[in-house]
Structures are given as C-alpha cells and as structure tokens.
Amino acid sequence: MRELRAWLIVAWRLVRYLSYRLGIGARPNFLEIYPELIVFFDRILKWPKRLRVECAEHCPRSGPAVFAGNHFAKDDPFMMYRAIHRVCEGAYFVRYMMRDDFFAGLGGILKSRFLDLDGLLRLLGALPISRGRVQLKQLKPFIALLREQAGFLMYPGRSRSRTGVFIEYREGIEEPGGVTFLVAQAQRNRPDLRVAIVPMARTQNMATKKSAVVFGPPVYLPHDADRAAQRELDFRLIGLMGDLVEINVTHIVAGTVYLHCLHGRGEALRIDALDQAVGSAIEQLPDRHIDPAALSDRRGQLEATVDYFANSHLIVRCSDSITPIVDAVLVSPPHDTTYRSANPIKYAVNQILHLSDVVDAIERAASLYGVR
C-alpha cells in the first residue's frame, strides 16, 4: 500500500510537470515529495539490491556539511544522495551541485517541449553552475545552505572520469575544484559555524553492476586558514577520497590479466591459479576497503568477472582456463564515453591505478601463482 501510494503521488506530480511544460499549469514542487520519490526510484533503479553503504558512521546526520565525491557515471548524484538518505533515514536532506548544461547534448524527447532533463533535475534538488564561467550568484545558494545548517554534494574532480581513473584531469581541468572556498565563505564572520567536509567514493563492480558508497571521516577547515591552506586541504581531500575506493574481484582479475599481457604473454591462465592469486592479493590488503563478496563468494565473483570480460571479447573462456586477447587488452581507446565499453579491463585497472599498494599486491600474487 505504501509503495502504491508513492507511485500515485509521483505519477500525479509528473502529470503536473507535463502541464507546466505545456504552459497550462504552475511549476510543481518535487522537493516536498522526496519520501515518495525515494520509494519510486528504489523500485525502478533497484537501489536496495545494487547499492551498499560502508562506513556509515562517518556520515553526518545533521548540521552543515559538504559531501565530496568522485564522479564516473551520470547517476552518481542520485546514487550518492540515496546513500546519504539511507544512512540518515531521510532525516537529512541535501542538495547536489550539477553543471547547468549537463544534458545539453541530448535530443529527442529528453530535451523537448514536453521535457527538459536539466530543468527537471533542478526541480529534484540540483543546484546549477556553469563550467568554466561560474558566477557568484551560482555559488551563493551553496554558501547559504551551509549557513542554514544544511548540506550539499559536489564533485571536486569537476567532471566525470571517462577512462576510469579516479580523478581525470584533462584540457581545461588541471586541479581540483574549490571545496574549501565555499566552506571558507560560509564560515566567514561565523565563529560558531563549523562545516564538515565529508570525503566519499562510489565504486561499481563492473561485472555485477553493484555499487558501494564508502564514507570517510570528516575533515574541517580552520577559520583562520589562508588561501594556501585552503588549497592544501583541497588537494589532500582528493587523496582521502581516493583511499575510499573499494577493491573488488573484477579489479584484481583485470590487473592480473593486464599485467600478463603487458609482459607479452598470451598463453592461457588457469582459472584455479587465478582464483588463488585473487585470494593472495586480498590477503595483502588488510587496510583497504574490500568488497565483502570478494571474501564470502570469491569464486562466484571470479566466474562473473571472467564471463563479463569474455562477453566483452577481451578473453576467450575455456572450461578451466582463459586466454587473453593481448592486442585487445592493451589497446588504448579514445578518451571519451566509449572507453569503458571498448576496453573494460583497462578501465577497471585505471580505477585502482592510484593505489600503489594494491598494484604491488596484484603483481606479487600474479608472480607467486604463475599467472604473470
């Protein structure tokens, strides 16, 4: 009954939105039906099954906070908002920063008289900014939220990573965004205000399509921090976020296969040896965030990963072994949105490339079990 009620409320609000787009009705308010929207999106996006939250104790339940997350998929704002919502049981409503032309390249019904996806997301809680030409008036709402003891989600990397690397710096994006600028402005002349900066990271297991959102301990900007100290914290924040990547079996298998090919070896790898190498690598990483399924169902995760890479035409699967297609594994696709589908092994490797201890563990395990 609760779910039926939620669907009816959301459906009626969407009817009102269509009327608004057609010019025959007032603009609807979606923020007041967030509990119903959560039920709606939980069902259609299967969040209860696909989303797991770790280190929830680090997520604030109230007060001013900036949630700083990584960005690799268009649904990151919704997935990360849902993680915060789940931890706080809906008691802490946060907004999220979004580029004002995020969906400008779309055509058809998504950008039409009936629907403007960018505009709809603003009605759903997004606060827009303009990339490369941010205006002061666009920043004021974020500062106001913090001063009002509320919070928002933003992406210091400033753009989605297309190659899988944790933060993808490219032309026009050469350093992280200024989380501390907003915090400093909010805390200015407010000695009573202490804004939590919460690092968080989403990791998706590419083979199983399940995601984990991990929260890190909040950090704080001193009220007397000068500009140099602010930027130092902005850069340190990226490192804190990067350490929250959750290592899964897909990462380790991808790293092992890629290493095998990098050494010019195209012979078959026994699946049993690969399984042992995965286990060995995990044992060497006691201080890293590890996907629980990698511990409870390692072989099942390995089988799912092998099938995924085989379906991507990067390996050939036999009954008890796999044979990498070396040229396909080592190819560097164009650095655009096709990268992940063109070479998911390299994409998965890029997700952990900044974690030197993880790379070292994979190399040692591969050497130990003869799969390098």
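The values are calculated or read from the model by the stated rules, or taken from the named source; none is laboratory data. This is a predicted model, so every value here is computed, not measured. Counting neighbours? That spans all protein chains shown, and the Cβs are built from the backbone with ideal geometry, glycine included. The protein model used for the area step is the full one, side chains on, heavy atoms only, and it has no ligands, DNA or RNA in it. Shrake-Rupley method; radii C 1.70, N 1.55, O 1.52, S 1.80 Å.
Are there any helices in the chain, counted as whole DSSP H runs, that stretch 15 Å or more along their axis by Cα and score at least -0.5 on average by Kyte-Doolittle, and if so which?
Once both thresholds are applied, what remains is 2-21, 34-45, 76-88, 136-147, 227-242, 249-262, 271-283, 356-368.
Would you work out the Kirkwood radius for the stretch 153-265? I mean one over the mean of 1/r across all pairs of different Cα atoms, in Å.
About 16.3 Å for the stretch 153-265.
For the chain, what proportion of DSSP beta bridges, expressed in % and rounded to the nearest 5, is antiparallel?
Restricted to the chain, the bridges split so that about 40 percent are antiparallel.
Might you work out the accessible area of ARG99 for me, using a 1.4 Å probe with all protein chains in place, and round it to the nearest 10 Å²?
Solvent-accessible area, nearest 10 Å²: 60 Å².
For the stretch 66-86 and the stretch 244-321, write down the distance between their C-alpha centroids in whole Å.
Going from one Cα centre to the other spans 27 Å.
Ranked by accessible surface with a 1.4 Å probe, highest first, in what order do LYS137, LYS209, LYS111 come?
Sorted by accessible area, descending: LYS137, LYS209, LYS111.
Please work out which option in (1) 64, 50, 41; (2) 63, 44, 38; (3) 69, 61, 43 gives Cα extents along the principal axes in Å calculated from these coordinates, and answer with its label.
It is the value labelled (1).
Lys and Arg at +1, Asp and Glu at -1: add these up for the other residues within a Cβ distance under 13 Å of LEU221 and post the number.
+2
If you roll a 1.4 Å probe over the heavy atoms of the protein chains, what accessible area per residue do you get for the stretch 1-127, in Å²?
51 Å²
For CYS318, CYS88, give the ranking by accessible area with the largest first, probe 1.4 Å.
Order by accessible area, largest first: CYS318, CYS88.
Given a Förster distance of 41 Å, report the FRET efficiency between SER112 and LYS49 from their Cβ-Cβ distance, rounded to the nearest 0.05.
Taking R0 as 41 Å, the efficiency between SER112 and LYS49 is 0.80.
With a cap of 11 neighbouring Cβ atoms within 10 Å, and only residues DSSP puts in a loop, list the GluC sites (Glu not before Pro) found in the stretch 1-108.
Those satisfying the criteria are GLU89.
Taking the solvent-accessible surface of protein heavy atoms with a 1.4 Å probe, what is the per residue accessible area of the stretch 284-335 in Å²?
Ligands and nucleic acids excluded, the result is 54 Å² per residue.
Counting only helical runs of four or more DSSP H residues, what would the 222 nm mean residue ellipticity of the chain come to if each run contributes -39,500 (n - 2.57) and the total is spread over all its residues?
Calculated at 222 nm, the ellipticity per residue is -13500 deg cm²/dmol.
What percentage of the solvent-accessible surface of the stretch 111-236, computed with a 1.4 Å probe over protein heavy atoms, is contributed by carbon and sulfur atoms?
52 percent
Tell me, what is the FRET efficiency for LEU368 and HIS335 to the nearest 0.05, using R0 = 30 angstrom and their Cβ-Cβ distance as r?
0.30
Take the solvent-accessible surface of the protein heavy atoms, probe 1.4 Å, and return the percent of it on the stretch 265-359 that carbon and sulfur atoms account for.
52 percent
Measure off, as a whole percent, the carbon and sulfur share of the 1.4 Å-probe accessible area of the stretch 1-96, all protein chains present.
Ligands and nucleic acids excluded, carbon and sulfur reach 57 percent.
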